[in-house]
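Computed from the coordinates by the stated procedures, all read-outs in this text should not be read as laboratory data. Keep in mind that this is a model prediction, so the values were computed, not measured. Glycine also receives a Cβ, built like all others from the backbone with ideal geometry; neighbour counts cover every protein chain displayed.
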């Protein structure tokens, strides 16, 4: 597949997405592509439209205008569930993990596997063994050093919880994982843990969009960086060809930037 | 913080052998603490039950006889039937304080419908419908309109008994016939029928609690409702339906007591909500929601029944029984705190060791 990259449509294409809340234009025509196995950094100041864009991709908000394409096929992402079915898993800043349930139960929450011996539809018997086996498989594939799958999430550190959320995306074989501020609440050590997990995702051919406001992290982990400012894209840069200073200038509007070619009008 | 874009070295195996070993050891220690904590939480009452049982056996020849065991089980049967949905409600972070009054309302409904229709079957159907409807109504206000569960069901506690008194004019209807009498007083294989009913409900409860998605979804709701909703769990529908089951269980309990008394008396079910709550909380189900097992609830139930029975056999006065129940509840609260402290200690240990070695690993791979 990688050799045919030029022939394939991009894995994810965001085209001229607009979203307004009342009189606020949160997104004013944002477009970008995400390639297979690419780690894309998404940065911007507060109010740049990062969260709105994440919510649009995650299926939380419907865009007012514009389209979302996965493998060239237009998607209507009306709910988080539909986004997941389209292959997009979003790990929000405030993780949707249940502290008193185990790692396995969290990964399979509301998507449980069922064994034989079904009685009533709502009372189907869950297949604990199979779910545990798959979690262990994901640990191995990703080289995750997490506590055993039947450990409760309450006993995990912040970095480990991120890892569980990421493992959830991998088990469900999502093509795109969106990480919303994955390192915001973490210390230096746990940040390193999460950075190494993102690299492993990439090694497994998963494309990642990382939303962050930490310049150092985005330069360290991404292949490409998109800069948002006031609901518009003001930069689409190859990471190795840019600098923190350039990014900050674009984020704050210190330098007037010509929009990249291929961008929508206005 | 270097970031090699194309690293094929997944684990950095040779460089990290010794930290891995170190981590294994400390994790297993943390894991042991965690398992101990879980065990204490889930089996603390079971352990207390066995200790107390041994004590009563040593003091009384009658305690462990077949007849006495039947008495204990029969006494907790109705509480047990109601404790299954009640325990699940508390697991989900809700509570139903109206069960004692729903018992008497169903009983009076049974009595009044029997008096006017003469049919036990019709009367049973109406009694059950009244219980379920009352439960669903509470559930509607609590789940869908987000009213306080304590306030709504406390209101139900007062209102349902009031309605029962007005409806029956406090007159006890009786004479329901032998067939209905069997429900409360009949025996199969020398064991009272209510015990079979309770056993069936408990088995269904074990399935719902441990094997079905409903059980883990309710635990998720009790643990973190916002996160549960974000995962697409039906955080309003499930508790709503569970309130209906709570009403159903109370109606069944009310019918069993009515059968035992052969009378739809307005005094039925008085204080039952507190007995149920005591059994559930003794069983280690956290009142904050999210934690608890049905095995614990069953142990709490048996503990409560044996305690009363044993103290009667030892001819200890009823007020001392109440003191003993109070002391046991205090003990359960202490266990809950101990459990959470153990869990936190385990957390600190786990995160310390894991982080250091993940860092070693992350750096080693560079």
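222 nm [θ] for chain A, helices only, -39500 (n - 2.57) per DSSP H run of 4+, per residue, to 500?
On the way: 8 runs with 81 residues, N = 266.
Value at 222 nm, helices only: -9000 deg cm²/dmol.
Please give the Cα centre distance for segment B:94-136 versus segment A:176-234, rounded to the nearest Å.
Measuring centre to centre over Cα atoms gives 59 Å.
Evaluate the Kirkwood expression for the hydrodynamic radius of segment B:157-204, namely the inverse of the mean inverse distance over all pairs of different C-alpha atoms, and round to one decimal in Å. Provide the component values of the computation, followed by the final result.
Values: mean 1/r = 0.0750 Å⁻¹.
For segment B:157-204, inverting the mean 1/r across all distinct Cα pairs yields 13.3 Å.
Please compute the average number of Cβ atoms from other chains found within 10 Å of each residue's Cβ in peptide B:201-211. Please list the in-between numbers first.
Working: counts 0, 0, 0, 1, 0, 0, 3, 2, 0, 3, 9.
Rounded to a whole number, the mean comes out at 2.
What relative contact order, as a whole-number percentage, does segment B:179-290 give when Cα pairs under 8 Å and 6 or more residues apart are counted?
Details: 64 pairs, mean separation 37.1, N = 112.
With pairs under 8 Å counted, the relative contact order is 33 percent.
Output needed for segment A:44-96: three equivalent-ellipsoid semi-axes, defined as square roots of 5 times the C-alpha gyration tensor eigenvalues, in descending order, whole Å. Each step should come with its number before you reach the end.
Working: eigenvalues 70, 43, 17 Å².
In descending order the semi-axes read 19, 15, 9 Å.
Would segment B:265-315 count as rounded, prolate or oblate if I go by the C-alpha gyration tensor, calling it rounded below 1.5 in a/c and otherwise prolate when a/b exceeds b/c, oblate otherwise? Write down the numbers at each step before the final one.
Working: a/c = 3.09, a/b = 1.31, b/c = 2.35.
It comes out oblate by the Cα gyration axes.
Going by Cα centres, segment A:11-29 and segment B:275-309 are how many Å apart?
So the separation of the two Cα centres works out to 53 Å.
Hey, what D do you get for segment A:13-106 in µm²/s if you plug the Kirkwood alpha-carbon radius into Stokes-Einstein at 10 °C and 1.306 mPa s? Working shown, then result.
Values: Rh = 14.5 Å.
The diffusion coefficient I find is 109 µm²/s.
Using the per-residue mean of other Cβ atoms lying within 10 Å as a proxy for protection, in what order, highest first, do the peptides A:10-20, B:313-323, A:72-82, B:93-103 fall? If you can, show how the numbers build up before the last one.
On the way: A:10-20: 20.2, B:313-323: 11.8, A:72-82: 14.1, B:93-103: 27.6.
Descending mean neighbour count gives B:93-103, A:10-20, A:72-82, B:313-323.
Taking a cut-off of 26 Å, what percent of all Cα-Cα pairs in segment B:198-349 are separated by more than that?
Numbers: 4518 of 11476 pairs.
Result: 39 percent of Cα pairs exceed 26 Å.
Say we join alpha carbon atoms closer than 10 Å with springs in a Gaussian network model of chain A; which of A:154, A:225, A:43 then has the biggest fluctuation?
Maximum among the listed residues: A:154.
Name the shape class, rounded, prolate or oblate, that the alpha-carbon gyration tensor gives for segment B:196-240, where a ≥ b ≥ c are the square roots of its eigenvalues, rounded holds for a/c under 1.5, and otherwise prolate holds if a/b is larger than b/c and oblate otherwise.
prolate
Report, for chain A, the % of DSSP beta bridges that are antiparallel, rounded to 5.
Taking every DSSP beta bridge within chain A, about 55 percent pair in antiparallel fashion.
If I fit a long axis through the Cα atoms of helix A:158-171 and take the longest principal axis of the Cα atoms of chain A, what angle between them do I get, 0 to 90°, rounded to 10?
In chain A, helix A:158-171 runs at an angle near 80 degrees to the longest axis.
Using the beta-carbon distance between residue B:55 and residue B:174 and R0 = 45 Å, what value does 1/(1 + (r/R0)^6) give for FRET efficiency, to the nearest 0.05? Please report the intermediate quantities before stating the final value.
Values: r = 41 Å, r/R0 = 0.90.
It comes to 0.65.
Among A:191, A:252, A:212, which one shows the biggest mean-square fluctuation in a GNM of chain A, springs joining Cα atoms closer than 10 Å?
A:252
Explain nothing, just the number: relative contact order of segment B:76-282, from Cα pairs under 8 Å at least 6 residues apart, as a whole percent.
Working: 348 pairs, mean separation 93.3, N = 207.
Contact order relative to length: 45 percent.
Going by the alpha-carbon gyration tensor, a ≥ b ≥ c the square roots of its eigenvalues, is segment B:66-166 rounded (a/c under 1.5) or, if a/c is not under 1.5, prolate (a/b greater than b/c) versus oblate? Mind showing how you got there, number by number?
Details: a/c = 2.16, a/b = 1.12, b/c = 1.93.
Since a/c reaches 1.5 but b/c is at least a/b, the shape of segment B:66-166 is classed as oblate.
How big is the shadow of the Cα convex hull of chain A, averaged over all directions, in nm²? List each step's numbers first, then the result.
On the way: hull surface 63.6 nm².
The number I arrive at for chain A is 15.9 nm².
Give me the log10 of I(q) over I(0) for segment B:76-282 at q = 0.17, 0.18 Å⁻¹, as the Debye formula computes it from C-alpha points; what are the numbers?
-1.08, -1.18
Given N residues in segment A:99-233, what is Rg(Cα) / (2.2 N^0.38 Å)?
So the Cα radius of gyration is 1.19 times the expected 2.2 N^0.38 Å.
For segment B:173-255, what are Rg and Dmax over the alpha carbons, in angstrom?
My reading of the Cα-based Rg and Dmax gives 17.7, 54 Å.
Would you mind computing Rg(Cα) / (2.2 N^0.38 Å) for segment B:234-293, counting N as its residues?
On the way: Rg = 14.4 Å, N = 60, 2.2 N^0.38 = 10.4 Å.
Cα-based Rg divided by the globular estimate yields 1.38.
Evaluate E = 1/(1 + (r/R0)^6) for residue A:82 and residue B:137, where r is the Cβ-Cβ distance and R0 equals 25 Å; express this FRET efficiency to the nearest 0.05. Don't skip to the answer; put the middle values down first.
Working: r = 34 Å, r/R0 = 1.38.
Calculated transfer efficiency: 0.15.
Post the alpha-carbon centroid distance, segment A:71-94 to segment B:232-256, in whole angstrom.
What the calculation gives is 35 Å, centre to centre.
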